[in-house]
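Colleague: There's a structure below that I have some questions on.
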Amino acid sequence: MLPRLVMTVLLLLGSGSLALVAEESSEQEMRIFQLVFVVQNPEFEDEEWLADRMKDHRADRTKTAGNLYLRNLVKDKVALVAGPLPDNERIQQVAVLDLDNAKDAAFVFQHSPGIETGRLQLEIYSWWAPDGILRTPKDPDHTRDFFLGVFKRPANAPSYSTEKLAEIEQGHIENLQKMTDSTDLVIAGSVDNGGDLLGIAIFRGRDPKHIEELLARDPAVQAGRLELELHRWHVPKGSWPRKADLLRER
């Protein structure tokens, strides 16, 4: 039986950053994973003499080869979970690696087709999450769409009194607790060295409107202290516990 985890993201009063708290029925350590965003390199340019259709062909081939490279990282148990963001033009792929530092994560991607050609580049963050939730799937070729939530600090986040911030924080915790209890939320964690990127959440549901409705109720979002980008993420099934397994434990 899998331990039942209750994961909440706290909006800290002083810094406005995110931290992860896990309450659990059995001991489970919090630890750092490497979160890799494979993104478009804004300085990359194809040769000027190439026809547009050839540029598009090169880009498509790089994307296809890059997705295969990701799949093999999962098959070889180098990545816990990895896959493309089909609807995001800038962020091409996202992967979670069971590694301690960004240098090792960059080494893993050095032969990725987009990185070798310079068409793509890496953004690597340290991501705090409970150990054991993400796992290598049995069949990495069996994939489906989930949703990746990117928590960010709004550009003009308003200031509030300490009392009001405490109220917002409590409501934020309660809303995430509800999403965890309903099994819509798989896992959420804070990001180190992320600048305005504060944290990452993985959602089990495949209906973006439903997830957006759940998040719209969050007092931290309503108060303008937190905003979320929701991205469709194509990853292998079995990368985390199934909803049915969690419900049977209760």
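The values are calculated or read from the model by the stated rules, or taken from the named source; none is laboratory data. Please read these numbers as outputs of a predicted model, since none were measured by experiment. Please note: Cβ atoms are built from the backbone with ideal geometry, for glycine as well, and neighbour counts cover all protein chains shown.
Colleague: Is it true that some residue in region 6-19 is among the aliphatic types (A, V, I, L, M) and modelled with pLDDT of 50 or more?
Modeller: Within region 6-19, none of the residues are among the aliphatic types (A, V, I, L, M) and modelled with pLDDT of 50 or more.
Colleague: Have a look at G224, G195 and point out the one that is out of contact with any Phe, Trp or Tyr (no Cβ under 6 Å at 6 or more places or on another chain), assigned to a loop (DSSP other than H, G, I, E, B), at positive phi and exposed (fewer than 13 other Cβ atoms within 10 Å of the Cβ).
Modeller: Every option except G195 fails the conditions.
Colleague: Name the residues in region 179-192 that are surrounded by 14 or more Cβ atoms within 10 Å (Cβ to Cβ) and in a helix (DSSP H, G or I), would you?
Modeller: Within region 179-192, M179, T180 meet the criteria.
Colleague: Can you pull out every residue in region 81-109 that is closer than 21 Å to D131 by Cβ, surrounded by fewer than 22 Cβ atoms within 10 Å (Cβ to Cβ) and either out of contact with any helix residue (DSSP H, G or I) (no Cβ under 8 Å at 6 or more places or on another chain) or polar (S, T, N, Q) (or both)?
Modeller: Residues satisfying the conditions are D98, D100, N101, A102, D104.
Colleague: Which of the following residues is under 25 Å from L185 (Cβ atoms), of a type outside the set (S, T, N, Q) and outside any loop (DSSP other than H, G, I, E, B): A65, A106, A95, A59?
Modeller: Unique residue meeting the criteria: A95.
Colleague: Now for a separate question. Do we find a residue being within 18 Å of R217 (Cβ to Cβ), surrounded by 17 or more Cβ atoms within 10 Å (Cβ to Cβ) and at pLDDT 85 or above anywhere in region 131-139?
Modeller: Looking through region 131-139, none of the residues is within 18 Å of R217 (Cβ to Cβ), surrounded by 17 or more Cβ atoms within 10 Å (Cβ to Cβ) and at pLDDT 85 or above.
Residue by residue, here is whether (1) in a strand (DSSP E or B); (2) farther than 30 Å from N101 by Cα; (3) in contact (Cβ under 8 Å) with a residue 24 or more places away in the chain; (4) not acidic (D, E) holds:
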residue	(1), (2), (3), (4)
E167	no, yes, yes, no
I200	yes, no, yes, yes
L230	yes, no, yes, yes
W240	no, no, yes, yes
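Colleague: Can you tell me which residue within region 140-172, out of those that are of a type in the set (A, V, I, L, M) and surrounded by fewer than 19 Cβ atoms within 10 Å (Cβ to Cβ), is nearest to W233 (Cα to Cα)?
Modeller: Looking at residues that are of a type in the set (A, V, I, L, M) and surrounded by fewer than 19 Cβ atoms within 10 Å (Cβ to Cβ), I get A155.
Colleague: If you don't mind, another one. Of the conditions (1) under 24 Å from I187 (Cα atoms); (2) over 15 Å from the mean Cα position of the chain (by Cα), I124 satisfies every one except a single condition; which number is it?
Modeller: Checking I124 against (1) under 24 Å from I187 (Cα atoms); (2) over 15 Å from the mean Cα position of the chain (by Cα), the one that fails is (2).
Colleague: Looking for whichever is within 20 Å of T62 (Cβ to Cβ) and not in a strand (DSSP E or B) here; the options are H111, H172. Which one fits?
Modeller: H111
Colleague: Continuing with this model, one more query. Using the structure shown, decide if L134 is touching a residue at least 24 places away in the same chain (Cβ under 8 Å), touching a His at 6+ places or on another chain (Cβ under 6 Å) and among the hydrophobic types (A, V, I, L, M, F, W, C).
Modeller: For L134, the condition - touching a residue at least 24 places away in the same chain (Cβ under 8 Å), touching a His at 6+ places or on another chain (Cβ under 6 Å) and among the hydrophobic types (A, V, I, L, M, F, W, C) - is not met.
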